[in-house]
Amino acid sequence: MSSNRPYLLRAIYDWISDNNLTPYMLVDATRSGVRVPPHVIKNGQVVLNLAMRAVANLDLGNEWISFQARFSGVSHSIQIPVPAVLALYAQENGQGMMFPADEEEGSEPPSDTPPSPPEPEPPSGDGDKPKRGGGSHLRVVK
């Protein structure tokens, strides 16, 4: 049976967006296949703003998440293997879902190759990752 993670990611993303909140994704940047600008990685992780105003060409696929985003005014093609996603939550209230780390830490990325990056389109608005406050915005939801 295939993983339920990509389906849950799409559902949580839609739920957060439908409630006019800002979807943030926590990614294990040490996983093989993660392509993000190195300067946004902190302690082996990166938090990415997935709001429609912050990204272009968002594709929440079954194996890969890909999109275009601007960091410090420079457009980047971002590619994340779905197993590298640790959480998806609303920036404003921390509600969302955490995902268990896969048993094989640092395992290889999905067998198929990541999607070819689309032609860069400047997203509307500023896609720079907002600065996070001191404390974590995540909380356990039961």
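The values are calculated or read from the model by the stated rules, or taken from the named source; none is laboratory data. These numbers were taken from a predicted model, which means no experiment stands behind them. Neighbour counts run over all protein chains shown; Cβ positions are idealised from the backbone, glycine included. Side chains are part of the model used for accessible areas, which takes the heavy atoms of the whole protein and leaves out ligands, DNA and RNA. Shrake-Rupley method; radii C 1.70, N 1.55, O 1.52, S 1.80 Å.
The table below gives the values:
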{"quantity": "Verdict on residue 43 being farther than 15 Å from residue 82 by Cβ, over 11 Å from the mean Cα position of the chain (by Cα) and of a type in the set (S, T, N, Q)", "calculated": "yes"}
{"quantity": "Residue check, residue 50 open to solvent by less than 10 Å² (accessible area, probe 1.4 Å), in contact with a helix residue (DSSP H, G or I) (Cβ under 7 Å, 6 or more places away or on another chain) and without any contact (Cβ under 8 Å) to a residue 40 or more places away in the chain", "calculated": "yes"}
{"quantity": "Residue match in the stretch 13-22 (condition: part of a strand (DSSP E or B) and either open to solvent by 40 Å² or more (accessible area, probe 1.4 Å) or among the aliphatic types (A, V, I, L, M) (or both))", "calculated": "no"}
{"quantity": "Elements of type strands (runs of 3 or more DSSP E) in the stretch 70-130, at least 1 residues being at pLDDT 95 or above, under 15 Å from the mean Cα position of the chain (by Cα) and more than 19 Å from residue 59 (Cα to Cα)", "calculated": "96-98"}
{"quantity": "Residue check for residue 74: in contact with a strand residue (DSSP E or B) (Cβ under 7 Å, 6 or more places away or on another chain) and either of a type outside the set (Asp, Glu) or closer than 16 Å to residue 96 by Cα (or both)", "calculated": "no"}
